[in-house]
Amino acid sequence: MGRRAGHPLTRRHFQVNPARKPDILLTAQDLGKCYTLWRRPGDRVWVPLLRRLAGNSLVRGRWRRILEEGSAVRAREFHALREISFTVQRGQSLGVIGRNGAGKSTLLQILAGTLQPSTGAVEVRGRVAALLELGSGFNGDFSGRENVFVQGALAGLSRADIEERFQEVVDFAEIGDFIDQPVKVYSTGMMLRLAFATQTVLDPEIFLVDEALAVGDVFFTSKCVGFFEERLHRGMSLILVSHDIPAVKALCDQVMVLEAGRMLFLGDSSRAESLYHEIHERMRRREVEAEDASAKLRAAPDGAVNGKGDQAVEDSAESVSRNWTPANEIGSKEAEIVHLSIRDKQGKSRLSFYQDEPIVIEIQGRAYRKLANCHFSLQVSDPYNNVVYGVSTINLGMPPMTLQVGRTYCWETEITGLGLGKFLIDALIFLGDRGDGCPLHHVHRVGGIGTVTVGQRGPRPKFLGLADLRAKIALKTTAVESESGATM
């Protein structure tokens, strides 16, 4: 079906090349996006004026330098993307991961044609469907039905084509009679359902998805995953931007890692995940070191900083072991929790797991005085602080420890069976037993010391809820025969 004039994919930086090999649907070459950041709104007027004066042949020497420096102070360039090149073949799925601000959404907007690159070009072959900002392209005053027809028309479908496939949208979205209500009254989940369903009937050859599935419930997410797997098998290509690493690994053949607008890696999903966590860990350490350095600077007397340079270096090295940002802490701190490590059974540092994968959590603590009758406890909660699981060395029947001054101790816990979602980890070093495994005295408790995300492997979760209770279902009754002899 023809693409209507004025569609984003007909912009001049997009080239549809019929001579290109049919198995390559998208090619990005040296993509870059640069924004100008202004010191003040009025500088949008002053900077072009200063630059024009500096370029005048009558202005020379010192005055030219003053004008150039003045324009440089009032405006600076920010590169959201730099030199991004890759190809996507028919039936291939590409995941894009990275920290907030890495350039993921900017890249997807350029690929979708809603944003023009500063450098480079995108070459596409085939129909592109994009699920970017939730509800983008919808008119809030129009009904869901009217918005479906508008979106279909913008994609080049005739009214007859849309009417023929409209019921598919209704069935996929599952929003009932709300299809005839203005979309401004929709919930976030309903908006997502309609937006996704509308894109599916366009029969795209390339589907771009930017974090949109994060707002869906587990049932609709499973439905979308099933759609992706079925269409990928039929030859559709997928580019998925998401912070849900398990979902990216489950759906994507290759994964791209972006950081500060640059492509650091493109390849195997396991290596991409490791690199992503390395970046996260490195940035977290820098933040902790900066906080420690700032605290020491505030606590030091005037003139003490320059006189103790070597000692400051030693203190900074010591503080690296505390690899978490101070959060919700309580306790007398005769011993402190100083290090957190979350990894899989193979020893790889990870923060994202599948439902059936063991999660290994290692907590290190350092004692500053001798402590007898000492225990350790770990607790896992959901984002609403509902406790999913908690266990202590007392619950497990382990004897109390005596911590010695200056020694570092390590507690390792392996858990499995968490449900889908994000979970918080609390750690506690405590003294005594109240009788039910709860502490008599908090030595050091850190709430939210770490987080883990659990995703599903395949089109449906292994169970619903927060934890796996290892239920088994067995048919214990026999068939009942009716009076007519038929088996019920």
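Number of residues in the range 467-488 that are modelled with pLDDT of 60 or more and of a type in the set (S, T, Y): the value is 2. On the stretch given as the range 184-197, residues that are crowded, with 20+ Cβ neighbours inside 10 Å, farther than 11 Å from V148 by Cα and more than 22 Å from the chain's Cα centre (by Cα) total 1.
Please indicate, with yes or no, whether at least one residue in the range 159-169 is of a type in the set (A, V, I, L, M), touching a Gly at 6+ places or on another chain (Cβ under 6 Å) and open to solvent by less than 20 Å² (accessible area, probe 1.4 Å). Within the range 159-169 (the criterion being of a type in the set (A, V, I, L, M), touching a Gly at 6+ places or on another chain (Cβ under 6 Å) and open to solvent by less than 20 Å² (accessible area, probe 1.4 Å)), the answer is yes, since at least one residue qualifies. Starting from residues that are in contact with a Ser or Thr (Cβ under 8 Å, 6 or more places away or on another chain) and either small (G, A, S) or within 25 Å of L440 (Cβ to Cβ) (or both), keep the ones in the range 412-426 and report whichever is surrounded by the fewest Cβ atoms within 10 Å (Cβ to Cβ). Among them, the one singled out is G421. Being touching a strand residue (DSSP E or B) at 6+ places or on another chain (Cβ under 7 Å) and open to solvent by 20 Å² or more (accessible area, probe 1.4 Å) is the requirement here; does S392 meet it? Judged against the criteria, S392 is not a match. Has the range 126-134 got at least one residue that is more than 18 Å from V248 (Cβ to Cβ) and part of a helix (DSSP H, G or I)? No. Give me the residue from the range 343-369 that is closer than 26 Å to P459 by Cβ and over 22 Å from the mean Cα position of the chain (by Cα) and, out of that set, most open to solvent (accessible area, probe 1.4 Å). Per the stated criteria, the residue is Q346.
Yes or no, residue by residue, for (1) closer than 14 Å to T200 by Cβ; (2) in contact with a Leu (Cβ under 8 Å, 6 or more places away or on another chain); (3) acidic (D, E):
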residue	(1), (2), (3)
G137	no, yes, no
G140	no, no, no
V148	yes, yes, no
L154	no, no, no
A160	no, no, no
V169	yes, yes, no
F172	yes, no, no
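Inside the range 115-148, residues that are surrounded by fewer than 16 Cβ atoms within 10 Å (Cβ to Cβ), over 24 Å from I179 (Cβ atoms) and in contact with a helix residue (DSSP H, G or I) (Cβ under 9 Å, 6 or more places away or on another chain) make up a count of 1. The lone criterion from (1) modelled with pLDDT under 85; (2) out of contact with any Cys (no Cβ under 6 Å at 6 or more places or on another chain); (3) open to solvent by 20 Å² or more (accessible area, probe 1.4 Å) left unmet by G91 is number (1). Beta carbons closer than 8 Å, at least 6 apart along the sequence or on distinct chains, pair a first residue in the range 157-171 that is under 19 Å from M190 (Cα atoms) with a second that is basic (K, R) for F166/R145. Within the range 375-394, residues that are touching a residue at least 12 places away in the same chain (Cβ under 8 Å) and over 17 Å from H441 (Cα atoms) reach partners that are open to solvent by less than 80 Å² (accessible area, probe 1.4 Å) and of a type in the set (F, W, Y) with beta carbons closer than 6 Å, at six or more positions or on different chains, in the pairs V380/F423. Looking at (1) modelled with pLDDT of 90 or more; (2) among the polar types (S, T, N, Q); (3) open to solvent by 70 Å² or more (accessible area, probe 1.4 Å), which is the only condition T408 fails? Going through (1) modelled with pLDDT of 90 or more; (2) among the polar types (S, T, N, Q); (3) open to solvent by 70 Å² or more (accessible area, probe 1.4 Å) one by one, T408 breaks only (3). Just to be sure, is G458 farther than 19 Å from Q364 by Cβ, without any contact (Cβ under 8 Å) to a residue 40 or more places away in the chain and surrounded by fewer than 16 Cβ atoms within 10 Å (Cβ to Cβ)? Answer is no for this residue. Any residue at all in the range 69-86 that is open to solvent by 40 Å² or more (accessible area, probe 1.4 Å), within 20 Å of F265 (Cα to Cα), modelled with pLDDT of 85 or more and part of a helix (DSSP H, G or I)? No, there is no match, as no residue in the range 69-86 is open to solvent by 40 Å² or more (accessible area, probe 1.4 Å), within 20 Å of F265 (Cα to Cα), modelled with pLDDT of 85 or more and part of a helix (DSSP H, G or I).
The values are calculated or read from the model by the stated rules, or taken from the named source; none is laboratory data. Keep in mind that this is a model prediction, so the values were computed, not measured. So basically every Cβ, Gly included, is an ideal-geometry build from the backbone, and we count neighbours across all protein chains shown. All accessible areas refer to the heavy atoms of the entire protein, side chains included, with ligands and DNA or RNA removed. Shrake-Rupley method; radii C 1.70, N 1.55, O 1.52, S 1.80 Å.
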